[in-house]
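Worksheet for the structure shown next.
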Amino acid sequence: MSPPRVFVTRKLPGDALERLRARTRMEVWEGELPPPREALLSRSREAEGLLTLLTDRVDAALLEAAPSLRALSNMAAGVDNIDLSACTARGIPVGHTPFVLTETTADFAFALLLAAARRIVEADAFARSGRWRTWQPALLLGRDVHGATLGIAGMGAIGRAVARRAAGFGMRLLYSSRSPHPEEEAALGAMAVDKRTLLRESDFLSLHLPLTAETRHYLGAAEMAQMKPTAVLINTSRGAVVDQPALVEALRRGRPAFAALDVTDPEPPSADEPLLRLPNLLLAPHLGSASYATRARMASLAVDNLLAALEGRPLPHCANPQAAR
Ligand code: GLV
């Protein structure tokens, strides 16, 4: 039997693709940008396996165009770019890469929190600008992190990792989650609250929800109106968890006071996106998991998932275990 054909939608960091090349007939999209839709469809036509990124939409139309497809591996924790039920209906297992990026993403969420609180980006611009003439008692004052209340929406692995960091910084911790987390309550003093309390009491609100039909626009105009006028919103999950036009309006009104976002809806934002012109915003281009070591681990796990699926073995991390026939 000849080795299976696989299509990988971008070059990946580290040496994981060498392992895939050794056991498959592998084609890699060499562009810096994702394959355009037509190219993705045509490359999928004969593929038995696909290794995708969060920038690739895998929907029913793509599955239809790929009759030989029997394994899918997404190099991301999130799988909101994939029509999971269509894959399950076709018996296609979908691999993803949770847990290997937990600590790195929590580091980044906390970096955004600290940068927003202490105005690091503005401070850098100011210090380089020639306007730094002396030490000033009221220059670039920010907000204390210690003693402030951090609200965490979604206590999955990343939410809990952010909670551990926040406890080390002396923050008061509130969380809302589908399930209770007695360990974090006992060890970190985290308190489970309803969404309304989370919104009203958080000085910093950090979102760690997967994007699903239920969490889309978790934060809309009505929710933002309940936040403190001094609150800082941090989003390292998915842009569409927030209603973006409502966020623009809310930031214009100053409630929340500031947003630090690693994700937008869509990505990247269009050049005329009003968010980009707001002064009370810090924006990063989806870098949560972007450390050398973690991106290499994600690539390696994505390859492990794809090879396992192609070889009929259980995937190390499968988003739709019910697909197994
Ligand atoms: C990144 O956002 C991921 O889901 O891995």
Kindly list, by first and then second residue, each pair from a residue in region 80-91 that is touching a residue at least 24 places away in the same chain (Cβ under 8 Å) to a residue that is open to solvent by 70 Å² or more (accessible area, probe 1.4 Å), limited to pairs with Cβ atoms under 6 Å and residues at least 6 apart or on different chains. 81/57; 88/322; 91/325
Looking at (1) surrounded by 17 or more Cβ atoms within 10 Å (Cβ to Cβ); (2) in contact (Cβ under 8 Å) with a residue 60 or more places away in the chain; (3) out of contact with any helix residue (DSSP H, G or I) (no Cβ under 6 Å at 6 or more places or on another chain), which one does residue 230 not meet, given that it meets all the others? (1)
Among 245, 274, 210, which is at pLDDT 95 or above and within 16 Å of the ligand (Cβ to nearest atom)? 210
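Does any residue of region 66-84 turn out to be assigned to a helix (DSSP H, G or I), among the small types (Gly, Ala, Ser) and over 30 Å from residue 150 (Cα atoms)?
Kept after step one, since they are assigned to a helix (DSSP H, G or I), are these residues of region 66-84: 84.
Filter once more, keeping what is among the small types (Gly, Ala, Ser): none.
So far as region 66-84 goes, no, none of its residues is assigned to a helix (DSSP H, G or I), among the small types (Gly, Ala, Ser) and over 30 Å from residue 150 (Cα atoms).
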What pairs come up if the first residue lies in region 278-292 and is assigned to a loop (DSSP other than H, G, I, E, B), the second is open to solvent by less than 30 Å² (accessible area, probe 1.4 Å) and more than 11 Å from the ligand (Cβ to nearest atom), and their beta carbons are under 6 Å apart, counting only those six or more places apart or on different chains? 278/251; 280/251
Of these, 200, 255, 216, which one is part of a helix (DSSP H, G or I) and at pLDDT 95 or above? 200
Any residue in region 177-191 that's over 20 Å from residue 215 (Cβ atoms) and part of a helix (DSSP H, G or I): show its pairings with residues that are at pLDDT 95 or above and open to solvent by 60 Å² or more (accessible area, probe 1.4 Å) at Cβ separation under 6 Å, as long as the two are six or more apart or on different chains. 184/160
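The values are calculated or read from the model by the stated rules, or taken from the named source; none is laboratory data. Keep in mind the model is a prediction, meaning the values are calculated, not measured. As a convention, Cβ positions derive from the backbone with ideal geometry for all residues, glycine included, and neighbour counts pool all protein chains shown. What goes into the accessible areas is simple: the full protein's heavy atoms, side chains included, and nothing from ligands, DNA or RNA. Shrake-Rupley method; radii C 1.70, N 1.55, O 1.52, S 1.80 Å.
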